[in-house]
Amino acid sequence: MPSRISDSCRPHHSQKHFDLNSIKELPESHAWTSSNDHYTQENSCNFESIPVIDLDNNNNNNNNNILDHIGHACKKWGAFQIINHSISEKLLQDIEVAGKTLFSLPMQQKLKAARSPDGVTGYGAARISSFFSKLMWFEGFTIVGSPIEHARQLWLKDYNKFCEVIEEYEKEMEKLAGRLMWLILGSLGITKDDVKWAVGPKGETKEGCAALQLNSYPACPDPGRAMGLAAHTDSTILTILHQNNTSGLQVYQEGNGWITVPPIPGALVVNIGDLLHILSNGSYPSVLHRAVVNRTRYRLSVAYLYGPPSGVRVSPLSKLVDHRHPPLYRAVTWSEYLGTKAKYFDKALSSVRLCVPLNGFTDAKDHKGVQVG
Ligand SMILES: C=C1C[C@]23C[C@@]1(O)CC[C@H]2[C@@]12CCC[C@@](C)(C(=O)O1)[C@H]2[C@@H]3C(=O)O
Ligand SMILES: O=C(O)CCC(=O)C(=O)O
Ligand SMILES: [Fe+2]
């Protein structure tokens, strides 16, 4: 990802680094209550979760069938799981091992690759921490492109395997993300002819920008009062998430509250991000989601955050705009939007909004009447 994205993310405060693995009692700094940022741990029971979509054409009657499923999932949930997606089990295992190896290093070692105050990549707390009064039970590592510089800081030598796995994962995810973007847009009746910025001279999908985020959630002595990763939407077109076999991811659904997304071996979760919300002119709202933690089990997730190519200004697609559906958002580059998110967090989408539509539809989060966090 280009440095321009790096310029846009400035944390508001620095924090002490806790070694969460060795803490036996939840510190006050990590104890969330209902008064902290509208925090609520209540989960809904007995509700269906996000759909599982089989990407293998042979298992669906035809491509239209997949598009219908995807369209329905995007409208109703803003998220879905995919199976038969072409990412091998081996690569998913390898990335898990790479993540675990990194997070099990001693703290002083991980801090050698700490994210700098105005940087994007490296080891650190959740970027959105500055918007909350309590700390999250979380440690993260962000990679953009080659991980080699950080790998050198972490290990000095023998980091080749780690780098190979990360690069292979990024390569495979880039292909899958492009394919998913076209499927999702296809479900809105959009073709390659309608999105010039995404198509190269030979009709190929242009390489987008992306970040790989490794998320670690150690077992927590008091999970009911802790928060893994507070509620947020991603600033992406879409995010592809791999979670290990410990549940924790929850999506928010109007009327039903927080719904757990169960880990399915080999499946990947796809989240609609804010830029797709903008592209679709509000038809496919970005999904509010969070991660909760577990008393006994370690949880790891790997998010591939996919955005448009550098410098591209994303705005509601003209095919989705007419006199009855005026454009709801102004054009933004990913870098600009990340800057907006770093400043306004859950108000970022509203801050690039142009007008209130005739049908009275509001932003996903306003609509849900939920305050993020
Ligand atoms: C490209 C990016 C999206 C992200 C900010 C970042 O520069 C790299 C990390 C991403 C992440 C992952 C966890 C949730 C999130 C809100 C955050 O704090 O860092 C997202 C950011 C985002 O989507 O805005
Ligand atoms: O760990 C998870 O399940 C969620 C991670 C996430 O939301 C993110 O990385 O953006
Ligand atoms: Fe996320």
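Annotations
- Any hit, the stretch 196-205, residues being assigned to a loop (DSSP other than H, G, I, E, B), open to solvent by 10 Å² or more (accessible area, probe 1.4 Å) and in contact (Cβ under 8 Å) with a residue 60 or more places away in the chain: no
- If you go through the stretch 306-346 and pick out every residue that is closer than 21 Å to V144 by Cβ and among the polar types (S, T, N, Q), you end up with 4.
- The stretch 278-327: number of residues that are open to solvent by less than 40 Å² (accessible area, probe 1.4 Å), of a type in the set (S, T, Y) and within 16 Å of ligand 2 (Cβ to nearest atom): 4
- Hey, I237 of a type in the set (A, V, I, L, M, F, W, C) and within 16 Å of ligand 1 (Cβ to nearest atom) or not: yes
- Look at (1) farther than 15 Å from S216 by Cα; (2) at pLDDT 95 or above; (3) open to solvent by less than 40 Å² (accessible area, probe 1.4 Å) and you find that I95 fails only one, number (1).
- Extreme residue, nearest to the chain's Cα centre (by Cα), among residues of the stretch 215-233 that are within 16 Å of ligand 3 (Cβ to nearest atom) and not in a loop (DSSP other than H, G, I, E, B): H232
- Top-ranked residue in the stretch 140-179 [being charged (D, E, K, R) and within 12 Å of A113 (Cβ to Cβ); ranked as surrounded by the most Cβ atoms within 10 Å (Cβ to Cβ)]: R152
- Among residues of the stretch 261-277, those that are open to solvent by less than 30 Å² (accessible area, probe 1.4 Å), part of a loop (DSSP other than H, G, I, E, B) and farther than 18 Å from L212 by Cβ, counted: 3
- All positions within the stretch 129-160 that are at pLDDT below 95 and among the aliphatic types (A, V, I, L, M): L156
The values are calculated or read from the model by the stated rules, or taken from the named source; none is laboratory data. As the structure is a prediction and not an experimental result, all values here were calculated from the model. Note: ideal-geometry Cβ built from the backbone for every residue, glycine included; neighbour counts use all protein chains shown. All accessible areas refer to the heavy atoms of the entire protein, side chains included, with ligands and DNA or RNA removed. Shrake-Rupley method; radii C 1.70, N 1.55, O 1.52, S 1.80 Å.
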